[in-house]
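Here the structure comes first, spelled out in structure tokens, and everything after it is commentary.
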Amino acid sequence: MSADMAAFDSVSHLESSGTPGALGGGGSSLSVSSLTAGYDRSPIVHDVSLDVRPGEIVSLVGPNGSGKSTLLKAIVGLVDVMGGRVLLDDADVTGWAPEEIVRAGAGYVPQVDDVFSPLTVRENLEVGGYLLPKGEVAGRIENVLEVFPQLRRMLTRRAAKLSGGERKMLAMGRVLMLQPALVALDEPTANLAPAIAREVLEGHVRHLADIGTSILVVEQRARAVLQISDRTYVLGGGRVVMHGSPDVLASSPEFVESFLGGTRA
């Protein structure tokens, strides 16, 4: 398991049944203002501002090393914040520990090591709700299966036997056990074939937004993620260099040349 997942997962089960947000209900407004963050007092992300509204998909794109994943981790408490503010609904969660941000209603799916391979699908979901009141776990699993009905036929299958797309669906399902209002996704299509990547983005991620979840997604496949995004922020050198709706960005020659291979989406 990666250090990022271990840090976030070890505290993610501290959720109580009274946590804001629910499957299919509401969403959380995220507001990031002038955020500077990085490692060992060395900033990677500089003065970044963005927002995500309830039920909206906002994507972060940019070249490798532009700070996309660092920004995402700073928002969920996995990277030190050196300046600026992070608001989740009305709560100022700037610099909070990951477990406190989980309590505020955020969920995080890392790029790698996003499920427990030796465990079955059901066991992975149970781990997602490990410290919930025992009587609520089965009901939460049923809620997740309503969102991702494909998982029902896989409940006894070990996660190691899942395909890449199935594994990513399970990772999202584990996060949904805590009923987050905001889900942060780090490269959900990494190492997936193009057809499976489209299924993850157009099916699974889009469906989460359709049931009211706010989505902030880091994605390297700019053309594919623009198809499902309400708005997109482009990072370069740790800063926002442009942002807007997919239509606005697709009309920018600079964006088209850099991220869409010179062809409008």
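The values are calculated or read from the model by the stated rules, or taken from the named source; none is laboratory data. A quick note: this is a predicted structure, and the numbers were derived from the prediction, not measured. All Cβ positions, even for glycine, are placed from backbone atoms using ideal geometry, and neighbour counts span all protein chains on display.
Right, VAL127: over 16 Å from GLN111 (Cα atoms) and among the β-branched types (Val, Ile, Thr) or not?
Numbers: over 16 Å from GLN111 (Cα atoms): yes; among the β-branched types (Val, Ile, Thr): yes.
So VAL127 passes the test.
Within the stretch 178-229, track down each residue that is of a type in the set (Asp, Glu) and either under 20 Å from VAL52 (Cα atoms) or at pLDDT 95 or above (or both).
To start, the set of residues in the stretch 178-229 that are of a type in the set (Asp, Glu) comprises 186-187, 199, 202, 210, 219.
Residues satisfying the conditions are ASP186, GLU187, GLU202, ASP210, GLU219.
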Within the stretch 182-198, considering residues that are over 11 Å from the mean Cα position of the chain (by Cα) and buried (at least 19 other Cβ atoms within 10 Å of the Cβ), the one nearest to SER69 (Cα to Cα) | THR189
How many residues, within the stretch 88-107, are in contact with an Asp or Glu (Cβ under 9 Å, 6 or more places away or on another chain) and modelled with pLDDT of 95 or more?
-> 1
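Does the stretch 129-163 hold any residues that are among the aliphatic types (A, V, I, L, M), closer than 17 Å to PRO118 by Cα and surrounded by 14 or more Cβ atoms within 10 Å (Cβ to Cβ), and which are they? Even if it seems obvious, please write down each step before you answer.
From the stretch 129-163, those among the aliphatic types (A, V, I, L, M) are 131-132, 137-138, 141, 144-145, 147, 151, 154-155, 159-160, 162; that's our starting set.
Right, trim to closer than 17 Å to PRO118 by Cα and you get 151, 154-155, 159-160, 162.
LEU151, MET154, LEU155, ALA159, LEU162 - these are the residues of the stretch 129-163 that are among the aliphatic types (A, V, I, L, M), closer than 17 Å to PRO118 by Cα and surrounded by 14 or more Cβ atoms within 10 Å (Cβ to Cβ).
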Please give the number of the condition GLU166 fails out of (1) in contact (Cβ under 8 Å) with a residue 24 or more places away in the chain; (2) crowded, with 19+ Cβ neighbours inside 10 Å.
-> (1)
From ALA97, ALA106, residue being over 17 Å from the mean Cα position of the chain (by Cα) and of a type outside the set (Ser, Thr, Tyr) | ALA97
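Every residue, every condition in (1) within 28 Å of VAL218 (Cβ to Cβ); (2) out of contact with any Gly (no Cβ under 7 Å at 6 or more places or on another chain); (3) not polar (S, T, N, Q), yes or no:
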| position | (1), (2), (3) |
| --- | --- |
| GLN111 | yes, yes, no |
| VAL115 | yes, yes, yes |
| LEU119 | yes, yes, yes |
| LEU125 | yes, no, yes |
| LYS134 | no, yes, yes |
| GLY139 | no, yes, yes |
| LEU145 | yes, yes, yes |
| ALA160 | yes, yes, yes |
Return yes or no: is ASN124 among the polar types (S, T, N, Q) and farther than 16 Å from PRO180 by Cβ?
-> yes
Residues (more than 18 Å from ALA37 (Cβ to Cβ) and touching a strand residue (DSSP E or B) at 6+ places or on another chain (Cβ under 9 Å)) located in the stretch 54-103 = PRO54, GLY55, GLU56, ILE57, SER59, VAL61, PRO63, ASP89, VAL102
